[in-house]
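Read through the structure below, which is laid out as structure tokens, and then see the notes.
The values are calculated or read from the model by the stated rules, or taken from the named source; none is laboratory data. This structure is a prediction, so every number in the text was calculated from the model and none was measured. Note that each Cβ is placed from the backbone with ideal geometry, even for glycine, and that neighbours are counted across all protein chains shown. These area figures cover heavy atoms from the full protein model, side chains too; ligands, DNA and RNA do not enter into them. Shrake-Rupley method; radii C 1.70, N 1.55, O 1.52, S 1.80 Å.
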Amino acid sequence: MATLLIVHHTPSPHCQAMFEAVLAGATDPEIEGVRVVRRAALAATASDVLEADGYLLGTPANLGYMSGALKHFFDQVYYPCLDTTRGRPFGYYVHGGNDVTGAVRAVGTVTTGLGWRGAADPVTVTGEPGRADLRACWELGATVAAGLME
């Protein structure tokens with residue numbers, strides 16, 4: 001069975017809503033043969049990453065960058081996972097108050113360095129997530145999970 005690892009930092013109700021939508025998409029009953037594991041960014045380990053076949057990442061944009069929690073996650077797993085996880089699919093979502101550009105760039109830089117393969121366009125939301133934003137999060141989760149089906 002394939003494993004999808006969701007690594008998230010959800011410090012606000014808006015990030016929580018986006019996380020829940022991503023999780024709902026990833027665990028849709030039509031997606032079979034994929035186990036979904038969720039870890040808070042500060043609790044995720046290199047072992048979690050090595051045991052997964054694909055990844056979904058979620059972060060707020062803080063001061064023009066990804067959250068410190070997601071940065072800490074990347075700092076912990078980068079070298080232990082660098083060669084082994086190259087080519088694995090991933091997707092991500094970012095929430096910001098008014099700008100997410102720096103956070104998107106930062107996540108893109110690290111995942112490019114890891115050699116991960118984008119499986120879907122990132123979902124970016126500023127302000128309160130609307131119905132279309134949450135639908136896009138659901139689709140992100142479903143797309144990445146479905147891509148792991150055997």
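How many percent of the accessible area of segment 27-114 is carbon or sulfur, using a 1.4 Å probe?
Working: 2040 of 4150 Å².
Carbon with sulfur: 49 percent of the solvent-accessible area.
Among all helices in the chain defined by DSSP H, which have a length of 18 Å or more along the axis from Cα atoms plus a Kyte-Doolittle mean of at least 0.0?
The qualifying helices are 13-26, 101-114, 131-146.
Quick one: grab the alpha carbon gyration tensor of segment 19-69, order the square roots of its eigenvalues as a ≥ b ≥ c, and give me rounded if a/c is under 1.5, else prolate or oblate depending on whether a/b is larger than b/c.
Because a/c hits 1.5 or more and a/b fails to exceed b/c, segment 19-69 counts as oblate.
When Lys and Arg each count +1 and Asp and Glu each count -1, what net charge do the other residues less than 10 Å away from L4, Cβ to Cβ, add up to? Could the numbers behind the result be given before it?
Numbers: positive: R35, R38; negative: D53.
With Lys, Arg at +1 and Asp, Glu at -1, the net is +1.
If you roll a 1.4 Å probe over the heavy atoms of the protein chains, what accessible area per residue do you get for segment 42-111, in Å²?
On the way: 3000 Å² over 70 residues.
Per-residue value: 43 Å².
Starting with the highest mean, order 85-96, 44-55 by the number of other Cβ atoms within 10 Å, averaged over the residues of each peptide.
Result, highest mean first: 85-96, 44-55.
Considering only the other residues whose Cβ falls under 11 Å of the Cβ of C81, what net charge follows from Lys and Arg at +1 and Asp and Glu at -1?
-1
Starting from the Cα gyration tensor of segment 50-150, take the square roots of the eigenvalues, sort them a ≥ b ≥ c, and report rounded, prolate or oblate (rounded when a/c is under 1.5, otherwise prolate if a/b is larger than b/c, else oblate).
Here segment 50-150 falls in the oblate category.
Output the peptides 33-39, 77-83, 19-25, 103-109 sorted from most to least packed, where packing is the average of other Cβ atoms within 10 Å over each peptide's residues.
Highest mean packing first, the order is 19-25, 103-109, 33-39, 77-83.
Of the beta bridges DSSP finds with both residues in segment 16-150, what % are antiparallel, to the nearest 5?
15
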